[in-house]
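**Q** Have a look at this one before I ask anything.
Please treat every number below as a calculation from the coordinates, not as lab data. Computed from a predicted structure; not experimentally measured. Positions of Cβ are generated from backbone atoms using ideal geometry, with glycine treated the same way; all protein chains shown enter the neighbour counts.
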Amino acid sequence: MLIIQLLNLFLWLINVYSFVLVAYALMSWFPGAYDTKLGQLVIKICRPYLSFFDRFNLSFGPIDFTIIVAILVLNFASKGLVMFISRIVFGF
């Protein structure tokens, strides 16, 4: 069915975005990584979503848990949305 394919595509896009968020976090370990063209692209993709979590002050000492929380919220929300839609459409 078309709805199943769309839900699978949605989950695949969420996984890709999660990997981009991980790449954003890993780029902070390398000096100048954000200054490259790839780094600028990753910043443009990630910063709008991560700005929602900046107000919660998820830094504890030198460690910032913002990206971890953002990935968890993204994955839980997407899976919950898929379950909600599948219950509405398929009744289970």
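**Q** Given a Förster distance of 41 Å, report the FRET efficiency between residue 9 and residue 64 from their Cβ-Cβ distance, rounded to the nearest 0.05. Could the numbers behind the result be given before it?
**A** Values: r = 31 Å, r/R0 = 0.76.
The pair residue 9/residue 64 has a calculated efficiency of 0.85.
**Q** While we're here: If you average over every viewing direction, what projected area does the convex hull of the Cα atoms of the chain give, in nm²? Kindly include the intermediate steps, with their values, before the conclusion.
**A** Working: hull surface 29.4 nm².
For the Cα atoms of the chain, the hull's average projected area reads 7.3 nm².
**Q** How far, in degrees from 0 to 90, does helix 37-50 lean away from the longest principal axis of the Cα atoms of the chain, to the nearest 10?
**A** Approximately 60 degrees, to the nearest ten.
**Q** Could you tell me how many degrees, from 0 to 90 and to the nearest 10, lie between the Cα long axis of helix 66-90 and the main elongation axis, the longest principal axis, of the Cα atoms of the chain?
**A** Helix 66-90 sits roughly 10 degrees off the main axis of the chain.
**Q** How much mean residue ellipticity at 222 nm does the chain get from its helices, if each DSSP H run of length 4 or more adds -39500 (n - 2.57) and you divide by all residues, to the nearest 500 deg cm²/dmol? Don't skip to the answer; put the middle values down first.
**A** On the way: 3 runs with 65 residues, N = 92.
Taking each H run of at least 4 residues, the total per residue is -24500 deg cm²/dmol.
**Q** Return the single residue from 48, 62, 31 with maximal mean-square fluctuation; model: Gaussian network over the chain, springs between Cα atoms under 10 Å.
**A** Of the options given, 62 has the highest mean-square fluctuation.
**Q** At a threshold of 8 angstrom on Cα-Cα distance, excluding pairs fewer than six apart, so keeping six or more, what relative contact order does the chain reach in percent?
**A** Details: 41 pairs, mean separation 26.1, N = 92.
This gives 28 percent for the chain.
**Q** Could you tell me whether the range 34-88 comes out rounded, prolate or oblate from its Cα gyration tensor? Rule is a ≥ b ≥ c as square roots of the eigenvalues, rounded for a/c under 1.5, then prolate if a/b exceeds b/c, otherwise oblate. List each step's numbers first, then the result.
**A** On the way: a/c = 3.22, a/b = 1.53, b/c = 2.10.
Oblate shape, in that a/c is at least 1.5 and b/c is the bigger or equal ratio.
**Q** Moving to a separate point now. Using 1/(1 + (r/R0)^6) with R0 = 22 angstrom and r between the beta carbons of residue 56 and residue 33, what's the FRET efficiency to the nearest 0.05?
**A** Details: r = 25 Å, r/R0 = 1.14.
With a Förster radius of 22 Å, E is 0.30.
**Q** Find how much the distance from residue 23 to residue 44 grows on full extension, using 0.36 nm per residue of separation minus their present alpha carbon separation; answer in nm with one decimal. Working shown, then result.
**A** Working: separation 21, 0.36 × 21 = 7.56 nm, distance 1.29 nm.
Once the chain is fully extended between residue 23 and residue 44, it gains 6.3 nm.
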